[in-house]
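Each reported figure results from applying straightforward, stated rules to the coordinates on display, with no laboratory input. Nothing here was measured: the structure is a model prediction, and the numbers come from that model. Using ideal geometry, Cβ is built from the backbone for each residue, glycine included, and neighbour counts are taken over all protein chains shown.
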Amino acid sequence: MSDMNQVQDTLNLQEHDPKKLPSMLNVLTILTYIGCAFGFLGGIYNYFTVCKSAEMIENMDMDASGKLGKMMASASELINKQCDNKLIIMIVTLLGAALCFYGAMQMRQMKKSGFMIYAVGELIVPIIFIVLLGSGAMGGMMLVGMIVPIVFIALYASQRKYLVN
């Protein structure tokens, strides 16, 4: 009878092994690493191309009286602001990606502090964009682009029970 209890205790110990990384946390951190790589590359690419895009939009001959013309004027103003602040935007983008990467590394090591670092890294970029570029930066694409970070923050929050101090 005691052998049966010992086998059951051993099985329970293996199920709740605190050193083993849960599979969902494993997948989330791998996806975060991939997203951070795209963030780094995108931040650098944007730095070198945003002013060229601004020039292209300026050179377009659009009818300013229609709805499309007003949208293009608004886009032109926004991309010119991005061009003016391209260094700050690149630094903030790289900082956000680095914070997300470091936070994911911490959570992969089962540390709770990684969650807050990750969340700050995800949220700092859109906040700085709004501060630098104005409320026009909160267009449809920015709102759609916020869905993934919010979902990832929620998914990581659901995994906090596995993290320790």
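For Lys111, the residues 5 or more places off, or on other chains, whose built amide H falls under 5 Å of its own are Val164. Straight-distance candidates among the lysines for linking to Lys52, with alpha-carbon spacing under 19 Å and chain neighbours fewer than 8 residues away dropped: Lys81, Lys86. Between the beta carbons of Glu55 and Leu132, assuming R0 = 30 Å, the FRET efficiency works out to 0.90 to the nearest 0.05. Here Lys20 is the anchor, and the lysines within straight C-alpha reach of less than 16 Å, apart from those fewer than 8 places off in the same chain, are Lys111, Lys112, Lys161.
Scaling the Cα radius of gyration of the range 22-162 by the globular reference 2.2 N^0.38 Å produces a ratio of 1.22.
As a proxy for reagent exposure, ranking Val92, Val120 by other Cβ atoms within 10 Å from fewest up yields Val120, Val92.
Listed by Cβ neighbour count within 10 Å, with the fewest neighbours leading, Tyr162, Tyr118 appear as Tyr162, Tyr118. Backbone phi angles across the range 38-49, fed through the Karplus curve with coefficients 6.51, -1.76 and 1.60 (θ = phi - 60°), yield HN-Hα couplings of 5, x, 4, 5, x, x, 6, 4, 4, 4, 8, 10 Hz in residue order; Gly and Pro are listed as x.
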